[in-house]
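Values quoted throughout were computed directly from the atomic coordinates according to the rules given, and no laboratory measurement underlies them. Everything quoted here is computed from the prediction, not taken from an experiment. Cβ sites come from the backbone with ideal geometry, for glycine too, and all protein chains shown count toward neighbours.
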Amino acid sequence: MRRPTRRTSSTVLALCVALAGLAVSPAAHAKGGRHRLTTTIDGKTTVRQRTRWLARPPGKVSEVKEVRFVIDGKLRWVEHSAPFNYGSDDGNGHLGWLVTSWLSPGRHRFTAQALLTRGRKLSDTVVARVLRAPAPPATLTGRWRRSFTADDLDKIVPGLSAFVPAGTWDLIFDREAAWDLDPLGTGIAEHVRIDHHTIRIDAPLWTTPATNGTTTLERYGHKDIGGFFCREDGPVGTYRWSVTNDQLTLTPIDEPCMQRQGVWAGTWARVG
């Protein structure tokens, strides 16, 4: 389980204070389209539940101090280096995703704000609909629990217990995500697609920027929910699932992330 750590609390606080006064530089409009900030959701009337939201400031990358991603007036992500992508701070090509399942159905304002050198500011806003996330199957909905030791984890991959905390984990499925709630009182939220037989896990869910590796997302009695098991883009993992007598069995079909497999694969008992 890893979390981006480059952001500091003082930086994020300053960003939040500055949001109210952020505006598009008049000079930027006067110079024409090639000086505009554009994004990959420009022109969209509906934003899918999993999409890439990349901002493309004009000019040289070295002239960009940071890009802020704001949804309905609230700061949700900050990028300090290219590519300027929501849900990612990775320079190795593993771009993260904007997952919208946590947003209410209806119209929302998606704004990218670029702070450039010499005090210039550019902004791009898209007003688009978000659709209601599908509910998981009734037999899968709810809270599941299992426990394992460090030895259990290390049997899957030697040394895995150094990355995944042993103890009691809860796994909850709802409309927003699959919630991996760890023994430390924190956890990870992941976007999933579920059918009658398989679960496809395809993106971590981010609703707030991390400050010193800590988020403000709280759910089901756990705090600091965020981060990812292996990479910002997932990676995608698929499992076969079945429920018998309040026992959930998850069997890997294709799982490149051994940390997640150490938690998911096996039998879970229904607790709620």
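In vacuo Debye scattering of the chain, one point per C-alpha: log10 I(q)/I(0) at q = 0.10, 0.12, 0.13, 0.16 Å⁻¹?
-0.54, -0.76, -0.87, -1.20
Calculate the tail of P(r) for the stretch 217-272: the fraction of all Cα-Cα distances greater than 17 Å, expressed in %.
52 percent
How charged is the neighbourhood of P105? Take every other residue with its Cβ under 12 Å from the Cβ of P105, and add Lys/Arg as +1 and Asp/Glu as -1.
So the surrounding residues net to +4.
What does the C-alpha gyration tensor say about the overall shape of the stretch 137-195? Classify as rounded when a/c is under 1.5, otherwise prolate if a/b is larger than b/c, or oblate.
It comes out prolate by the Cα gyration axes.
What percentages, rounded to whole numbers, describe P(r) for the stretch 142-270 computed over all alpha carbon pairs with 5 Å bin width beginning at zero?
Answer for the stretch 142-270: a P(r) of 2, 11, 21, 26, 23, 13, 4, 1, 0 percent.
How long are the semi-axes of the equivalent ellipsoid of the stretch 41-172, taking √(5λ) for every eigenvalue λ of the Cα gyration tensor, in whole Å from largest down?
Equivalent ellipsoid semi-axes, largest first: 36, 23, 11 Å.
With a 10 Å Cβ neighbour count serving as the proxy for reagent exposure, in which order, fewest first, do E176, E79, E218 appear?
Final ranking by Cβ density, sparse to dense: E218, E176, E79.
Taking 0.36 nm per residue of sequence separation and subtracting the Cα-Cα distance, how much length would be gained by fully extending the chain between V236 and Y220, in nm to one decimal?
3.3 nm is the gain from fully extending V236 to Y220.
Could you tell me how many degrees, from 0 to 90 and to the nearest 10, lie between the Cα long axis of helix 9-19 and the main elongation axis, the longest principal axis, of the Cα atoms of the chain?
Helix 9-19 sits roughly 50 degrees off the main axis of the chain.
Please tell me which of these pairs span more than 21 angstrom C-alpha to C-alpha: K65/K223; K155/K223; K74/K121?
Those over the limit are K65/K223; K155/K223.
What does the charge count near T117 come to, summing +1 for each Lys or Arg and -1 for each Asp or Glu among other residues with Cβ under 12 Å from its Cβ?
Computed value for this residue: +3.
Looking at the stretch 134-175, which trypsin sites (Lys or Arg not before Pro) are in a loop (DSSP not H, G, I, E or B) and have at most 14 other Cβ atoms within 10 Å?
Those satisfying the criteria are R175.
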